[in-house]
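Have a look at the structure below before the remarks.
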Amino acid sequence: MSLKQIDYGTKEYDQMLALRYAVLRQPLGLVFYRDDLAKEKDDILIACMDEGDMLGCCILSVEGHETVRLRQMAVPDKLHGKGIGASIINFAENLARDKGYKRVTMHARDTAIGFYEKFGYSIKGNQFKEVNLPHHVMEKLL
């Protein structure tokens, strides 16, 4: 298993899109829109790979001089509990820190709050709906 930053528009990016669709979009009947995906060319794209297969991924989007937003975290259900999500979070935080960012924020699905709390993220503000699911803003200072 290896963790790495990948490039927009590559074969690995296509694998990332397929994983994100299967885990995050398809179960909700949602699709990706070309305009939204085009914005990702400036994002930090992170993949967990094993012998060419993508096991998990996330994106860091710059929100300000000191802040990145973690989004589109995806690990297939069958791989939950194997440390893949933890490895991705640690890699993403270290990469953000190395690039000079001091804070990571996210819109966490309420079903994932417990997972993120294990890594020191805390809820900021009230619950809101996003993609028809309850979410909370979460944040961690690096």
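The sum of -39500 (n - 2.57) across all DSSP H runs of n ≥ 4, divided by the residue count of the chain, sets its helix-only mean residue ellipticity at 222 nm to -7000 deg cm²/dmol. In terms of the mean number of neighbouring beta-carbon atoms within 10 Å, the peptides 71-81, 117-127 order highest first as 71-81, 117-127. By the Cα gyration tensor, the range 2-141 has an equivalent ellipsoid whose semi-axes, rounded to whole angstrom, run 20, 18, 16 from largest to smallest. Here's the list of lysines a cross-link from Lys82 could span, going by alpha-carbon distance under 30 Å and ignoring same-chain residues fewer than 8 apart: Lys4, Lys11, Lys41, Lys99, Lys102, Lys118, Lys124, Lys129, Lys140. Of the residues Ala47, Ala96, Ala112, the one that moves most in a GNM of the chain with alpha-carbon contacts below 10 Å is Ala112.
Rule-based calculations on the coordinates, nothing more; no lab input. Values in this document were obtained by computation on a predicted structure and should not be read as measured data. No Cβ is skipped: glycine too gets one built from the backbone with ideal geometry, and neighbour counts run over all protein chains shown.
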